[in-house]
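The block underneath contains the structure these notes are about, expressed in structure tokens.
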Amino acid sequence: MLAALLLAAPYEAQSGACLHYGRPYVSLEGRITHVRSVTSSGTPDDHWYVDTVAPVCISGDSSVGDLDVPTTQHIEFTALGIRNLGALQGRYVTLTGEFMHTYIPHYHAYPIFQVASIKQRRATAP
């Protein structure tokens, strides 16, 4: 039972350790930011980001087309099914989820984090 709980728990990055694509889930701590642009057809296009407290690296598996990201602090995320993201803009949170493989659903040249849960932290920097 304990082994199952430990395997299901999200991985929090240790100093110097790179994160990975796909499962198991990992956690990111940082501040939520938002950019709204308008497409050429006039449709609003929202992009949500987490600016992590500390830089992270992501280890890719080149055999499946994942990109290595040596260091980043500005990470785009999707949070399907999570409402009221606007209320969290500028707040410090812990996001738990997984980095989408860079070749799925279509190739993209930067990591996108798929959020499973959001936990609000303090209103100011940790």
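The values are calculated or read from the model by the stated rules, or taken from the named source; none is laboratory data. The shown structure was predicted, so the numbers you read here are calculated from the model rather than taken from an experiment. Protein only, heavy atoms only, side chains kept; ligands, DNA and RNA dropped before computing areas. Shrake-Rupley method; radii C 1.70, N 1.55, O 1.52, S 1.80 Å.
Given a 1.4 Å probe and the protein chains as shown, V56 ends up with an accessible area of around 20 Å². Rounded to the nearest whole Hz, the Karplus-based 3J(HN,Hα) values (6.51 cos²θ - 1.76 cosθ + 1.60, θ = phi - 60°) of region 39-53 follow the sequence 6, 4, 8, x, 8, x, 10, 8, 10, 10, 9, 10, 9, 5, 4, with x at glycine and proline.
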